[in-house]
1. Suppose we filter region 167-210 for residues that are of a type in the set (Gly, Ala, Ser), crowded, with 23+ Cβ neighbours inside 10 Å and modelled with pLDDT of 90 or more; how many remain?
2. What are the residue pairs meeting all of these: first residue in region 45-60, first residue of a type outside the set (Ser, Thr, Tyr), second residue surrounded by 21 or more Cβ atoms within 10 Å (Cβ to Cβ) and part of a loop (DSSP other than H, G, I, E, B), Cβ atoms under 8 Å, and 6 or more apart or on different chains?
3. If only one of 75, 80 is farther than 30 Å from residue 166 by Cβ, among the β-branched types (Val, Ile, Thr) and open to solvent by 80 Å² or more (accessible area, probe 1.4 Å), which one is it?
4. If I filter region 80-89 for residues that are among the small types (Gly, Ala, Ser) and within 23 Å of residue 220 (Cβ to Cβ), do I get at least one hit?
5. Please count how many residues of region 98-135 are open to solvent by 10 Å² or more (accessible area, probe 1.4 Å) and either aromatic (Phe, Trp, Tyr) or farther than 24 Å from residue 247 by Cβ (or both).
6. Can you give me the ranges of the helices (runs of 4 or more DSSP H) entirely in region 1-92 with at least 1 residues that are of a type outside the set (S, T, N, Q) and over 24 Å from residue 229 (Cβ atoms)?
7. Kindly establish whether residue 221 is open to solvent by 50 Å² or more (accessible area, probe 1.4 Å) and either out of contact with any Cys (no Cβ under 8 Å at 6 or more places or on another chain) or modelled with pLDDT under 90 (or both).
8. Among the residues of region 224-262 satisfying the criterion of being buried (at least 22 other Cβ atoms within 10 Å of the Cβ), under 18 Å from residue 186 (Cβ atoms) and aliphatic (A, V, I, L, M), which is modelled with the lowest pLDDT?
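The values are calculated or read from the model by the stated rules, or taken from the named source; none is laboratory data. This structure is a prediction, so every number in the text was calculated from the model and none was measured. Every residue, glycine as well, gets a Cβ built from its backbone with ideal geometry; the counts of neighbours run over all protein chains shown. Protein only, heavy atoms only, side chains kept; ligands, DNA and RNA dropped before computing areas. Shrake-Rupley method; radii C 1.70, N 1.55, O 1.52, S 1.80 Å.
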Amino acid sequence: MPVRARFDTAQAAWFRLPPNSRGAIWLLCNAVVSTVLIVLVRMVGQDIPTIQLVFIRAAVGVMLILPVVLRMGVTSALRTDHIAMHGVRAMFTFVSMNCFYYAYSVLPLADATAMIFTMPLFLLVLAVAFLGERVGWRRASATLAGFLGVVVMLRPGQAAFDPVLLVALAIGFFDACVAVVVKKLSGTEKPVTIIFYMAAFTLLFASIPAWFAWQPVSLEQLVLILLIAVTTTISQIFTVFAWRVGETTAIAPFNYTQLIFAAGAGVLLFAAL
């Protein structure tokens, strides 16, 4: 069978899947990519200012998406009636990204990830309030079960509370806000439009504070930072596709799979327990 025919067959099979199944697969792919991302952040995040990482990530994101914009045509790719909503989404992403890079640079990987995965709980409330989604007992039970797993992993009462855990908790909240805004935007906006404005606005928000915090980096650090930027961009693309096609409350529990990957990476690479 010719390559083109195989591609068309695979594409047809993909689109025959229910939207929630496709959204769940995108989130599973994102869980793998995000695990690579947090390992990279762990390797370089303690030596480089967080805002510098955010700025470089946003700059690389703009550069990666710009060829797509130019190929589609600037007017077609960037036309929007919701520029303010894009700005709000980018602000949520900007705060979440700063919290993400900081938390993963100082906390054990499993603990940071556990706090982030309170996100489906926040999303459950926000999706009902702002998207009008209905939540059945199965989805609510799955979300609560995942949260109980988070609590068990944190072993409450067995160690002094680390305030940085609140930074990781904020990631869960702001990621839920991002998911809701992306879901609303995806009804009228192209994926390339959503991704470009997110990167462009984030670059704008980070530019001034990054200027004051900037410090020189070695060649090895630069390579790691560029890998972080590329990996974060891929993660953003996967999540946009996931929230675009799937119901937020139906697919959000699949985010918990990242907890397994992060715990394994912590033990194997950093001897974290």
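1. 2
2. Matching pairs, first to second residue: 53/45.
3. Working: 80 fails: open to solvent by 80 Å² or more (accessible area, probe 1.4 Å).
Only one candidate passes the filter, namely 75.
4. Within region 80-89, the subset among the small types (Gly, Ala, Ser) is 84, 87.
Filter once more, keeping what is within 23 Å of residue 220 (Cβ to Cβ): none.
There is no residue in region 80-89 that is among the small types (Gly, Ala, Ser) and within 23 Å of residue 220 (Cβ to Cβ).
5. Total satisfying the criteria: 11.
6. Output list reads 3-16, 19-44.
7. Details: open to solvent by 50 Å² or more (accessible area, probe 1.4 Å): no; either out of contact with any Cys (no Cβ under 8 Å at 6 or more places or on another chain) or modelled with pLDDT under 90 (or both): yes.
When the stated conditions are applied, residue 221 does not pass them.
8. 252
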